[in-house]
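Shown next, in C-alpha cells, is the structure this report addresses.
Here, each number is a calculation from the coordinates, and none is a lab measurement. Bear in mind that the values here come from a model prediction, so they are computed numbers and not experimental data. Cβ placement follows ideal geometry from the backbone for every residue including glycine, while neighbour counts extend to all protein chains displayed.
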Amino acid sequence: MIELQKKKHNVIVYLVDENELDSKILEQKFQLSSDYEIYTFNSGEKLLSYLISNPAQKRTISIVILDYNLNSINIDAKNGIEILKSIKDIDPEIEVIMLSSKEDVDIVTSSIHFGAVTFIRKNENSFQRIQNNIKWIISRKILNQKKKASRAMIVVFISLILLLIILIVIIAVFYPDVFRST
C-alpha cells in the first residue's frame, strides 16, 4: 500500500491489481494527472483488510479500481467479483470500477449485478475511461450530498413556518386584543 497524493474533494482511490506493471502504470498516471489520495494493493484480500481496519470517513468519496483477474498468480486468492461482493458488504457506499483484460459478457454482467459502476476493458484508452468514470462518480456523489442538504433546509424552513403559525394561533387565543383594530 502506497499513499501518493493528497485529497481533492475528499476522494480516495484504491487501485487493486496483482499485475505489478499494470498497477505501476495506473499509479503513475494518477500521480501525474490527479490530486486524489491513491492507495495500491496487489490483492483483493489486502484491500478488504484495509477497508475493515480503516472505515471510510462520512464525507469521503471512496472509489475502488478493481481488476477481475486477482487469482492468476495465487490461485487461492479471490477473483474480482468475489472481492466486489465483499467490498459492498463492508461499505455499500464505496464505488467500484471493474477492470480486466478479458471482455467476457458473464464477467461484465456479474460486475454490474453485484454493484460495480462500470466495467472497463484494459487497453490504451482505459485510463481515460477510468478518469471519466471517477469524475462522474464524484459529480453524482456531490449532487446527492447537495440534495440531502437541500431537503434538510426545506424541513427546517417548513418547521419554522409551522412554529410561527402555532405562535400566532396561541397569541390569538390567549391575547385576542392584539389582533383587534382600535
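For each pair in 122/148; 78/135; 78/148; 122/146; 88/135, compute the distance between the two Cα atoms and list the pairs where it is over 32 Å. Don't skip to the end; give the middle numbers.
On the way: 122/148 36 Å; 78/135 28 Å; 78/148 36 Å; 122/146 34 Å; 88/135 21 Å.
From 122/148; 78/135; 78/148; 122/146; 88/135, over 32 Å: 122/148; 78/148; 122/146.
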For q values of 0.19 Å⁻¹, compute log₁₀ I(q)/I(0) with the Debye formula on a Cα-only model of the chain, without solvent. -1.28
Beta carbons within 10 angstrom, averaged per residue: use that to sort the peptides 119-125, 152-158, highest first. 119-125, 152-158
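Over the chain, what is the relative contact order in percent, taking alpha-carbon pairs closer than 8 angstrom and at least six residues apart? Intermediate values should be presented prior to the final figure.
Details: 240 pairs, mean separation 29.9, N = 182.
It rounds to 16 percent for the chain.
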Helical mean residue ellipticity (222 nm; -39500 (n - 2.57) per DSSP H run of 4+; nearest 500) of the chain: -17500 deg cm²/dmol
Span-like helix ranges in the chain, DSSP H, alpha carbon extent 27 angstrom or more, Kyte mean at least 1.0: 126-174
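At a 10 Å Cβ-Cβ cut-off, how would you order 15, 143, fewest neighbours first? Before the final figure, lay out each step's value.
Working: 15 26, 143 10.
In increasing order of surrounding Cβ atoms, one gets 143, 15.
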